[in-house]
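Only one structure is covered here, and it is reproduced in the block below.
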Amino acid sequence: MGLRIELDESKCSGLGLCEAEAPELFEVRDDGSLAVLDATPSDEHREACEAAIASCPTEALRLVES
């Protein structure tokens with residue numbers, strides 16, 4: 001089973017809380033948009049990924065298991 005990060009760009013406000021939790025997975029660009037650096041993270045990043053998603057105040061991120 002793999003993991004996939006989904007971003008709803010219409011909800012993202014670019015606060016960067018996800019980047020603070022998991023800088024290896026997320027980056028807020030200079031224009032304020034969010035880049036998902038690794039949309040299919042390995043299991044070793046699951047905990048950081050879940051923390052980043054939980055920190056999002058606009059619920060723009062979700063983790064899907066495939």
Protein accessible area in the chain, 1.4 Å probe - carbon and sulfur %: 45
Of Ala20, Ser42, Ser66, farthest towards positive along the dipole that unit charges on Lys, Arg, Asp, Glu beta carbons give the chain: Ser66
Cα-based helix-to-principal-axis angle, 46-55 vs the chain, degrees rounded to 10: 30
Accessible area expressed per residue, the chain, with surrounding protein chains retained (probe 1.4 Å, Å²): 62
Computed magnitude of the charge dipole of the chain (debye, nearest 20; Cβ of K, R +1, Cβ of D, E -1): 180
Quarter of Cα convex hull surface for the chain, i.e. mean projection, nm²: 3.8
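The values are calculated or read from the model by the stated rules, or taken from the named source; none is laboratory data. Everything numeric in this text was worked out from a predicted model, so none of it was measured. Cβ atoms come from the backbone with ideal geometry, glycine included; neighbour counts cover every protein chain shown. Ligands, DNA and RNA are excluded from the accessible area calculation, which covers all protein heavy atoms including side chains. Shrake-Rupley method; radii C 1.70, N 1.55, O 1.52, S 1.80 Å.
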